[in-house]
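Since the structure comes first, as structure tokens, the remarks are kept for the end.
The values are calculated or read from the model by the stated rules, or taken from the named source; none is laboratory data. Keep in mind that this is a model prediction, so the values were computed, not measured. A quick note on method: Cβ atoms are made from the backbone with ideal geometry, for glycine too, and the neighbour counts reach across all protein chains shown.
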Amino acid sequence: MTETTSKYADFEGLREQAVALRREGLSRRQIRDRLHVDNNDLLNRLLEGEPAPEWTKRPRAKDDVRAKARELRLQGMTYDQIQVELGCSKGSISLWVRDLPKPEPPTKEEASAIARRGWEATLQRRETERQAAKGAAEREIGALSERELFLLGVGLYWAEGTKDKPHARRERVAFVNSDPDMIKVFLAWLTLLKVDHDRLRFHVMIHESADVPSALDYWADLAGTDVASFGKTTLKKHNPKTNRKNVGTDYRGCLVIQVRQSADLYRRIEGWWCGIVGGSVFGQGLALPD
């Protein structure tokens, strides 16, 4: 065993922790972040002999899928038809059935139908892969610590919140967004900062052609308040010539959240953001460009 640095002097103790986390179903990334191990070679040694959890593995073709592909080929199906039936790639199909005789080529109508079904199968497969990737990424996050939520909220506000300008002084906290999940995180952040709910003011910005009462009910329920407490709704004029995409029953406009008497909070947010910038650039030994 090679000599470890003083940071990892208790190798056996660290390995016990790593193995326990692995058996709980954590990924390498999650274990690395949890134990603050920034050396991949060391991480390999800590997890040596411990199998990866099933959810981190990429799915592989099974023997029954391969056998089914050969069976369909013997029935006279083309690669495209087999792909539609089984949802696997043409490359895999070629490897599985290349020793079998070629079927008769399909007619023009058959080829068109195969292509259409093949594209539908491809879209479905891509959506399955997309959702699997999102699900795996979501599980990597886990519960946020208070510090993580604090830093996330600062970055979120600086991206989407109202900011002070030398030519237009706006030292007040105001946040506008149409994404309900963004609103939830922002409200959770204000709670973390111990901002009283009584200091919050809400109003909605929405196109006049939308279902305004339904939108007000939705945002009030999300914010945990009453519609009667909302300020005057800002209505955007509808232009029939504009090809808007934000239409339909799920369009609810934007919710505006303002914090009363928030000049001091705004200044702290600006300072926190400067600290994040300094910590992420200078803290890594890098220099800002001129």
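Residues of the stretch 143-154 that are assigned to a helix (DSSP H, G or I) and surrounded by fewer than 14 Cβ atoms within 10 Å (Cβ to Cβ): GLU146, ARG147, GLU148.
Residue by residue through the stretch 90-142, note down the ones that are surrounded by 12 or more Cβ atoms within 10 Å (Cβ to Cβ), touching a helix residue (DSSP H, G or I) at 6+ places or on another chain (Cβ under 9 Å), charged (D, E, K, R) and more than 19 Å from LEU72 (Cα to Cα). Scanning the stretch 90-142 gives ARG139, GLU140.
Look at (1) part of a loop (DSSP other than H, G, I, E, B); (2) within 30 Å of the chain's Cα centre (by Cα); (3) exposed (fewer than 12 other Cβ atoms within 10 Å of the Cβ) and you find that LYS232 fails only one, number (2).
Report whether or not TYR218 is assigned to a helix (DSSP H, G or I), among the aromatic types (Phe, Trp, Tyr), farther than 25 Å from GLU138 by Cα and assigned by TED's automatic domain parsing to the domain that holds TRP272. Answer is yes for this residue. Looking only at residues of the stretch 235-255 that are modelled with pLDDT of 90 or more and not in a loop (DSSP other than H, G, I, E, B), we find that the one that is farthest from PHE186 (Cα to Cα) is LEU235.
Does LEU190 satisfy being touching a strand residue (DSSP E or B) at 6+ places or on another chain (Cβ under 8 Å), within 15 Å of SER262 (Cα to Cα) and hydrophobic (A, V, I, L, M, F, W, C)? When the stated conditions are applied, LEU190 passes them. Taking each residue of the stretch 180-191 that is in the same structural domain as MET205 (by TED's automatic domain parsing) and looking for partners that are surrounded by 14 or more Cβ atoms within 10 Å (Cβ to Cβ) and in a helix (DSSP H, G or I) with beta-carbon atoms closer than 6 Å, six or more apart or interchain, yields PRO180/LEU222; TRP189/GLY153.
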